[in-house]
Amino acid sequence: MNQVTPVLNKYCLQNKLTFRFIDMRWGVRDEASVDHTTEEIVLDALRIAKEDSKGPFFLCFLGDKYGSRLLPHYIEAKEFKLLRRIAMRRGYDVTIMDEWFERDDNAEPAVYRLRSIDEIFTHYDDNEHEDLQKKDKAKWNQTQDKLQTILRAASDEAYTDRLISKESRHVYFKSVTESEVEQGVIYQDPVKDKVIVYFRKFLDIDVHDNIAWRFTDLKEGKIDSEAEELRERLKITRVQPILGPAQLKKYHLNWTSTGIDETDEQHKNYIDNLIEDIIKKLKDQVNQCLKDDHKFAPLFQEVLHHLHLCKKETELFVVRNDILESVKERMFLVYDTTKKLVTVPFDEIQNNVFWKSQDLELDETTFSKKSQEIKAEYERIQESLDRFDCKFIHSGFFENNDCDPDVNMRELYTQLPNLIISLALSFYSAAPVQEKLQ
C-alpha cells in the first residue's frame, strides 16, 4: 500500500476528490480487545467508508487465514437463557457463563454483555507487571476456549432442534473477517464499482515454519480444519458468485519459509502485478463514479448530502412512544358535568363540539373578586416603582396589550431587559426603598 496510496492520492486530487486509506488490521487499540469491541470498531469504520465514499470503499484480501473468531460482545437475553439451559442439560459447567456474561436491561431488548477481561483478570492489560500479565493472558485464553466450546455446542443443538436460525448459530463460529466481508460485499447492493476482492492461496504450507501461523489458522500445531472449511465456504459459496471478473482476481503461490519472499521471482511478479492491478481497478471505479456524479444536478446532490447528515445525526435518537402515548391519553381526559372522567374524541376537540355540548356553570362572583384583588396588588407594586421610572412586568402585562393598535409590542419586548437592569440598580442604591417594597 506504500506504493499504491501516493499514486491514488495524486489521481484523486487531480479530480477534486480525497483519497483516504484505512487499514482494518492496524490501528485498532489494545483496549478494544479488552472490552471486546474490536469487531464493532472495524465494522463502524467500514460503515463510515461506505457512507462517505462516492465510489469504491472496500478493498478485500482473502488468503489462507480465516481470522480471529471472537466471543460475541453481547447475546440477547432470550437466546442466552436458551443456550445456558441446553449447556446445563449437556453437563457443562454454566457458572463460567454466569461469571462472564452480565445482564443489561438498558438495551432493548435486554441482552447479556460479555464483561471486560480486566474486570476479573486485573493484570491482563497491565504492561508494568509482565509476569502477572502473562499469567492473566493465559487464564483468559483458557476461559475463552471454554466459553466458545459451551456456546458452540449449545448453539449447534439449538439449531438442530430449530430453536434458533442458521444465522444465529453462525454468530458463535464466524470470524471478524467474515463479518467485514458480509458488510462490505455480501450485504452491499450494488457491488459494482464499489468493491474489489483478491483471493490468494499458498500451496503446501509447512505448519512447522515459525511464520506459518500468520498465514493460516493453526490448532494444536496443525491446520484448523473447521476454520479452513468456514474460510473456503465464505470464498466459494458466498463471495465468488456475487462478483464479476472485473472485481475478483485469484492468485496461487508456492510456499516459502518466510511466507512472502520478495527475492523469489514468482512472489516478486505477484507483488508487481497486484500493485498494478489495484491502481488500475481503483482508477476505473473512480472514473465511473465521476461519470455517474455528472448525471445529478447540484441541487439534488446538496439535498442528498443533507439527507445523509440527517440520517447520521438521528441514529442515536430513540423515540419514547410509550410516554408520548400516555401523555396523549391524558390530554383527552376531562371531567364532564357529572364530575366523571371521560375521553374526548380528537375530532370533537378540533371542531369544538365537546365544549359547546357542555353546560358549564362558572362562579363569576368568585372569579371577579379574585381578579380585582390581583389587579389591586399589581397597582400597588406599580405605584412603588413609578418613582424609579420602572414598569412592573407580570404575566398579563403583554396579553392586555396584544390587541391594542396603539401599543408597539416589539418595542416593549426590546425595552424589557433595560427595565429589569434599572430596577436592580435602584434596589442596590436605595436600601430604605427596598425595605418598603418588601
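Here, each number is a calculation from the coordinates, and none is a lab measurement. These figures come from a predicted structure and were not determined experimentally. Every residue, glycine among them, receives a Cβ derived from its backbone with ideal geometry; neighbour counts consider all protein chains shown.
Footprinting exposure proxy ranking of Arg85, Arg231, Arg320, fewest other C-beta atoms within 10 angstrom first, gives Arg320, Arg85, Arg231.
In this structure, Glu76 and Ile236 have a Cβ-Cβ separation that, at R0 = 45 Å, corresponds to a calculated FRET efficiency of about 0.90. Between the beta carbons of Leu163 and Glu40, assuming R0 = 25 Å, the FRET efficiency works out to 0.40 to the nearest 0.05. Which of Lys201/Lys235; Lys194/Lys291; Lys50/Lys194; Lys235/Lys268; Lys201/Lys268 have a Cα-Cα distance over 20 Å? Over 20 Å Cα-Cα: Lys235/Lys268.
By the count of other C-beta atoms within 10 Å, a proxy for reagent exposure, Tyr112, Tyr198 are ordered fewest to most as Tyr198, Tyr112.
In the stretch 74-170, the inverse of the mean reciprocal separation of distinct Cα atoms equals 14.6 Å; this is its Kirkwood hydrodynamic radius.
Fewest neighbouring Cβ atoms within 10 Å first, the residues Phe57, Phe21, Phe317 line up as Phe317, Phe21, Phe57.
Here the extension length gained between Ser225 and Glu315 equals 28.3 nm, from 0.36 nm per residue of separation less the Cα-Cα distance.
The His252 and Arg330 beta-carbon pair, evaluated with R₀ = 56 Å, returns a calculated FRET efficiency of approximately 0.20. Straightening the chain between Asp204 and Met88 buys 37.6 nm, computed as 0.36 nm per residue apart minus the Cα-Cα spacing. Compactness of the stretch 171-327 was expressed as the Cα radius of gyration divided by 2.2 N^0.38 Å, which yields 1.48.
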